[in-house]
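Everything below concerns the one structure shown next.
Coordinate-derived values only; no laboratory data. As the structure is a computational prediction, the values presented were derived from the model and not from experiment. Here Cβ is always computed from backbone atoms with ideal geometry, including for glycine, and neighbour counts include all displayed protein chains.
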Amino acid sequence: MKIEHFGGAVEIADVAALDGVLDARYGDDANEYWLDGEAEFPCLAICVRGSSAYLHFFPQADHPGFASRGEDTTDRAAIFFTNTPTEIMEVSSHAVVPIDRARAAAQEFFRLGSLPRSLRWTEL
């Protein structure tokens, strides 16, 4: 599996290597990861900041994807970073999940290559 993140692109062969890459943080304790297999799709994007994460799953090129769904019902803006450690991206707090749940979803995507069922999702 290929992972692109603020530190560059890496190929990983097992869950231990995946976990090692997912530990990398830059700037404001943040990173953005793009995971895909041998083909460009499906792919999983994970934005991480501190102990929070936002995930976006793309099943195919012409589909807007699925956004993670967390437990927060206040609908405030959560700040993450995209493309670089300084480019701010706001997402609804409804879509934010704890980092341990994001890691479990990444591991599931690594094993199955499909929408992780360990999270709840909103189809966009």
#### Entry: Length added when fully stretched, V10-I99, from 0.36 nm per residue minus Cα-Cα
30.0 nm
### Query
Principal axis lengths of the chain from Cα atoms, whole Å, largest first?
39, 30, 25
### Message
Suppose only helical runs count, i.e. DSSP H with n ≥ 4. What mean residue ellipticity at 222 nm does that imply for the chain under -39500 (n - 2.57) per run, divided by all residues and rounded to the nearest 500 deg cm²/dmol?
### Response
-5500 deg cm²/dmol
### Task
Report the local net charge at E87: Lys and Arg +1, Asp and Glu -1, summed over other residues whose C-beta lies under 14 Å from its C-beta.
-2
### Query
Efficiency by 1/(1 + (r/R0)^6): what FRET value for N83 and S114, r their Cβ-Cβ distance, R0 = 35 Å, to the nearest 0.05?
0.85
### Task
Please name whichever of I99, C47, G27 sits farthest to the positive end of the charge dipole of the chain, dipole taken about the Cα centre and charges placed at Cβ: Lys and Arg +1, Asp and Glu -1.
I99
### Query
What is the Cα convex hull volume of the range 15-81 when expressed per residue in Å³?
114
